[in-house]
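The values are calculated or read from the model by the stated rules, or taken from the named source; none is laboratory data. Remember, predicted model here, so these are calculated numbers, not experimental data. Virtual Cβ from ideal backbone geometry, glycine too; neighbours counted across all protein chains shown. Ligands, DNA and RNA are excluded from the accessible area calculation, which covers all protein heavy atoms including side chains. Shrake-Rupley method; radii C 1.70, N 1.55, O 1.52, S 1.80 Å.
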Amino acid sequence: MTIADPIVGIGLDPATAGRIYRDVLAAYTRPGLEQMLPSTDFPAALLPALALADLDTGVEVLESDGRHWLEVLTVATGAPATSADRARYLTVLRAPTGDDLLTATRGSALSPESAATVVVEVTSLRGGTPVKLTGPGVKEAERISPSGFDEQLWRARNEATADFPAGIDLLIVAEDGAMVGIPRTTRVVPIAEEN
């Protein structure tokens, strides 16, 4: 029996799903500003896919502890499991790598809507490599420093968004539910590279 077993088949109630939808929308419309996801029995980073995935949305969960959250996600939402390079919702519940971001589907210039939303779990939204965000929805500039995000990960994110309008959209979610959104339209520059 795994920690996920007691809640297999139990999804989010409509009110909670609606709140998560609004939180994700707010995170993407105001990149870098923290939003707080509701507290549930699920890992906070799994909540966006639980609220937004459906029968036509391929999903993948990358984890290292054997809790089988992909099974929970597919049963709760009806979304089909697929490979990381085809998933519309790619959730990373372990230490992220640059390959995770670069493998995610980016869509194309003719079909940018088929790109992935990559949701990455971190321990905190503070303590990592500081970066400056600019672009649509950002008032002047925002600075963030999620733990576990080093320069290599930020470079991979920027490479994955280099062919706009194709590119990934990123949600970084701390274990306590604090979340920031970084859509593909946002420019990310490590603070050390600013000058």
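The spacing between the range 96-113 and the range 127-195, judged by their C-alpha centroids, is 15 Å. Dividing the convex hull volume of the alpha carbon atoms of the chain by its residue count gives 106 Å³ per residue.
When the chain is treated as a GNM with alpha-carbon contacts under 10 Å, the residue of Ala49, Ala162, Ala84 showing the greatest mean-square fluctuation is Ala162.
Note on the range 79-156: along the principal axes its Cα atoms extend 35, 29, 21 Å, ordered by decreasing extent. Other residues lying with their Cβ under 12 Å from the Cβ of Gly32 contribute a combined charge of +2, Lys and Arg counting +1, Asp and Glu -1. Of all DSSP beta bridges located in the range 54-177, what percent are antiparallel, nearest 5? Bridges in the range 54-177 that DSSP calls antiparallel: roughly 15 percent. Taking the Cβ of Gly181 as the center, what net charge do the other residues with Cβ under 13 Å away carry, scoring Lys and Arg +1 and Asp and Glu -1? Spelling it out: positives minus negatives among the neighbours equals 0.
Protection proxy ranking, highest mean first, for peptides 171-177, 103-109: 171-177, 103-109, where packing is the per-residue count of other beta-carbon atoms within 10 Å, averaged. First check a/c for the range 45-115, with a ≥ b ≥ c the square roots of the eigenvalues of its C-alpha gyration tensor; if it is under 1.5, answer rounded, and if not, answer prolate when a/b is larger than b/c or oblate otherwise. Oblate. Computed packing ranks the peptides 178-186, 20-28 as 178-186, 20-28, most packed first, by mean other Cβ atoms within 10 Å. Placing Phe164, Phe149 in order of accessible area, with the largest value first and a 1.4 Å probe, yields Phe164, Phe149. In this Cβ point-charge picture (+1 for Lys and Arg, -1 for Asp and Glu), the chain has a dipole of about 520 debye about its Cα centre. Per atom type, the chain shows carbon and sulfur on 50% of its accessible surface, probed at 1.4 Å. In the context of the full set of protein chains, residues of the range 1-154 present 47 Å² of accessible surface per residue (probe radius 1.4 Å, heavy atoms only). Over the chain, DSSP H runs of length four or greater, each weighted -39,500 (n - 2.57), average out per residue to a 222 nm ellipticity of -7000 deg cm²/dmol.
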